[in-house]
Amino acid sequence: MKTDKSRRKFLRVLPLGIFAGMAGVLAAAAFRFLRPVAAAQREAVWLDVAPVSELKGEKPLLRTVLAERSAGWSVTLEEQQVFILPAQKHQALSSMCPHEGCNVVWRDETNNFFCPCHDSAFAPDGERVSGPARRGLDPLPSREKDGILQVQYQTFVNNIKERIPRA
């Protein structure tokens with residue numbers, strides 16, 4: 001008779017145990033995959049741009065890097081354009097206009113950067129010259145490692161005077 005009571009108790013507790021296990025698995029999955037990736041948690045990544053020996057001349061050089069982009073919990077790889085200024089110790093500038101984020105172009109005929117979206121103009125060193133942009137082009141951290149120029153790609157909040165990195 002005692003065996004029947006313990007078996008019944010086990011059969012009553014079994015569904016609760018299964019439910020608790022499933023809830024634990026779902027909670028772990030939600031924590032791992034649904035939480036936003038905070039920029040502060042991620043370590044800054046150095047991205048290869050080009051061999052330094054290829055970066056010569058007086059004009060800015062447009063190069064592409066493959067950078068991570070975070071949107072909530074999603075992280076994707078995207079090609080981003082940067083300008084390298086060989087005459088200024090290989091300073092790297094973001095190609096995004098700080099006004100609304102359009103890609104700027106280099107114009108040889110006027111010797112400046114130009115945003116085709118809203119007509120902002122920037123000096124050869126990236127400083128703002130005219131237009132609705134409130135600041136110059138955003139400089140990016142750069143370094144030379146083993147003969148390769150590397151940058152830390154980042155984006156900044158648009159349409160403000162201060163340079164505030166996006167989270």
Problem set entry | Residues of the range 73-101 that turn out to be within 27 Å of residue 54 (Cα to Cα), of a type outside the set (Asp, Glu) and in contact (Cβ under 8 Å) with a residue 12 or more places away in the chain, as a count | 17
For this session: Tell me which residues, restricted to the range 66-109, are of a type in the set (Phe, Trp, Tyr) and farther than 26 Å from residue 131 by Cα.
Result: 73
Problem set entry | Options 71, 133: the member that is under 30 Å from residue 31 (Cα atoms) and either in contact with a Gly (Cβ under 9 Å, 6 or more places away or on another chain) or not basic (Lys, Arg) (or both) | 71
For this session: Sort out which residues of the range 63-92 are more than 19 Å from residue 165 (Cα to Cα) and either in contact with a Phe, Trp or Tyr (Cβ under 6 Å, 6 or more places away or on another chain) or not polar (S, T, N, Q) (or both), and write them in order of number.
Result: 63, 84, 85, 86, 87, 89, 90
Exercise. Going by the structure shown, is residue 126 in contact with a strand residue (DSSP E or B) (Cβ under 8 Å, 6 or more places away or on another chain) and either closer than 22 Å to residue 58 by Cβ or free of Cβ contacts under 8 Å to residues at least 12 places away in the same chain (or both)?
Worked result: yes
For this session: Considering only the range 139-156, state which residues are out of contact with any Lys or Arg (no Cβ under 6 Å at 6 or more places or on another chain) and assigned to a loop (DSSP other than H, G, I, E, B).
Result: 141, 146, 147, 152, 153, 154
For this session: Tally the residues that are under 21 Å from the mean Cα position of the chain (by Cα), part of a loop (DSSP other than H, G, I, E, B) and not small (Gly, Ala, Ser), restricting the search to the range 88-114.
Result: 7
Exercise. Looking only at residues in the range 149-164 that are among the β-branched types (Val, Ile, Thr) and either exposed (fewer than 13 other Cβ atoms within 10 Å of the Cβ) or more than 17 Å from residue 65 (Cα to Cα) (or both), which one is farthest from the chain's Cα centre (by Cα)?
Worked result: 160
Exercise. Any residue in the range 38-49 that is modelled with pLDDT of 95 or more, aromatic (Phe, Trp, Tyr) and assigned to a loop (DSSP other than H, G, I, E, B)?
Worked result: yes
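The values are calculated or read from the model by the stated rules, or taken from the named source; none is laboratory data. The structure presented is a predicted model; accordingly, all values stated were derived computationally and were not measured. All Cβ positions, even for glycine, are placed from backbone atoms using ideal geometry, and neighbour counts span all protein chains on display.
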